[in-house]
Amino acid sequence: MTDAKLATLPVAPPPALKPAVEPSALAHRELLGGEFWRRIPAYANVGTDEFLDHKWQAKHSITNIQKLLATLSGLVSEGFITDAQRGFERAPMSVRVSPYLLSLIDWQNPNEDPLRLQFIPLGSRLLPDHPRLDLDSLHERVDMPVPGLTHRYVDKALFLALDTCPVYCRFCTRSYAVGIDTEEVEKFQLKVNAERWEKTFAYIRSRPELEDIVISGGDAYQLRAEQITQIGEALLSIDHVRRMRYATKGLAVMPQKVLTDDAWLDALTGVVEKGRKLHKEVVIHTHFNHPREITEITKAALDRICERGITVRNQTVLQRRVNDSVATMTMLVRRLGYVNVHPYYIYMHDLVKGVEDLRTTLETGLDLEKGIRGSTAGFNTPTVVVDAPGGGGKRDAHSYEHYDRTTGVSAYTAPAVHPGELYYYFDPIDLLPAAGQARWADPAEHPRMVEEARQAALAGRRGLRE
Ligand code: SF4
């Protein structure tokens, strides 16, 4: 037999060391496709071209409660609508939901839907805020040398270029600034402003230690193409800036922009390519929280980004009933990997006003990390972090100095940021054992519990040194 004929014969696979996985184990590759949005009566006559047009998505995004409730009318019960109205009355965030996002919610079961939970509050589910909550819990404003520029870590700064987003999320850490005022919160304004931006660039220029700049907001999706270029070129022209990240939730809530806003994607690609020529890294950081947020439309958008050689990393917020099970988080991690997004961080939910029902315990985060690790390659496995309230910055969740599961108080140090300081994270009270809940019911106990955590953390550190 000739070599050419041999090459066409089927080759038997080598003997299996382990059985092939069941198709159900590959469910992370099954993405929602087709014209799923037509299930919503308001979008029943919207064709594919229209639905994929980012301008149509932006124009039809719902920005007030009445419109939202009118779109849902007929889909949900009167009771649900009244409950949502009460929820928005007490919310720190204004309303903004894209038609794409609205179409992904299971309106047969809106009460438990993990996507609805993140964007539409229900008055009946809200819990009292934790007594230790503070509106700017990360103290971003304390570390701002210029309004909208947080310089906390030695080599990194966070530039809040503007204060609008393609959607408004209930859990937003920056509810002190993002979106318009609500009945609950008067916002710290961070509008696009040439003078503020120039001051920001001047500050970064004056600080040679700054190598890493996050461009966020608000959301980089809301920057016009020429603004993406302006910021990118200003920062790339500073010698000591080596790394830049454009932060956007847009990929998770309006992937259509990447498919149809060529000017925006070309501007971003231009900055990435210019950075590459200067040997500097420019990437996207995004924010998926649930595997159902990734559809065939998302994959098409991320394929386009991949073709342009742009790295995308993801930061997830751990939320109760949204993504707090090993099965859901593993599915999210594997699906992110499948669409070429690196699952970088899982954040313990910050102490944010009006969303105590979404927070969960540190113990849940620690257990999740154990459950996920090993399900895929290490570089695609997220690190669980606590952004230490009070300005301690991100700490590996496992690195606590002390954690009392009864009071829910954990203590962290941040030697590279503020040596000698202790920072405390607090589990939601309703998830604590009865003894812990009883102590939080008595305000006199609050400082005692923190002091106990402080003493235990200091004793632990002394023990380590001895
Ligand atoms: S997109 Fe980001 S910044 Fe905007 S509301 Fe959501 S979490 Fe906050």
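The values are calculated or read from the model by the stated rules, or taken from the named source; none is laboratory data. These numbers were taken from a predicted model, which means no experiment stands behind them. Glycine gets a Cβ as well: all are built from the backbone with ideal geometry, and neighbour counts include every protein chain shown. Accessible surface areas use protein heavy atoms only, side chains included; no ligands, DNA or RNA. Shrake-Rupley method; radii C 1.70, N 1.55, O 1.52, S 1.80 Å.
Here are some notes:
- Packing-based ranking of 308-315, 293-300 yields 293-300, 308-315, ordered from highest to lowest mean Cβ neighbour count within 10 Å.
- Distribution of pairwise C-alpha distances over segment 1-90, 10 Å bins, in %: 12, 23, 20, 15, 11, 11, 7, 2, 0
- For the chain, taking the reciprocal of the average inverse distance between every pair of different Cα atoms yields a Kirkwood hydrodynamic radius of 23.9 Å.
- For Ile346, residues with placed amide H under 5 Å, excluding near neighbours: Thr316, Thr383, Val384, Val385
- Remark on Leu149: its backbone amide H falls under 5 Å from those of Leu160, a criterion applied only to residues 5 or more positions apart or on other chains, H modelled at 1.01 Å from N.
- Rounded to the nearest 500, the 222 nm mean residue ellipticity of the chain from helices alone is -10000 deg cm²/dmol, with -39,500 (n - 2.57) taken per DSSP H run of at least 4 residues.
- Whether segment 384-465 is rounded, prolate or oblate, judged on the alpha carbon gyration tensor where a/c under 1.5 counts as rounded: prolate
- Burial ranking of peptide ranges 446-453, 243-250 (average Cβ count within 10 Å, highest at the top): 243-250, 446-453
- Amide H partners (placed H, <5 Å) of Cys172, local residues excluded: none
- Three-way shape label, segment 12-157, alpha-carbon gyration tensor, a/c 1.5: oblate
- Residue pairs, from the table Lys55/Lys249; Lys277/Lys299; Lys299/Lys370; Lys199/Lys249, whose Cα atoms sit over 23 Å apart: Lys277/Lys299; Lys299/Lys370; Lys199/Lys249
- For segment 147-306: accessible area per residue (Å², 1.4 Å): 36
- Percent accessible area from carbon and sulfur atoms, the chain, protein chains only, probe 1.4 Å: 52
- Across segment 405-412, rounded Karplus estimates of 3J(HN,Hα) from the backbone phi angles (6.51 cos²θ - 1.76 cosθ + 1.60, θ = phi - 60°) give 6, 7, 7, x, 9, 10, 10, 10 Hz, Gly and Pro being marked x.
- Relative contact order, percent, the chain [alpha-carbon distance under 8 Å, six or more residues apart]: 14
- Cα gyration tensor, segment 279-374 - rounded (a/c under 1.5), prolate or oblate: prolate
- Convex hull volume per residue in cubic angstrom - Cα atoms of segment 238-293: 85
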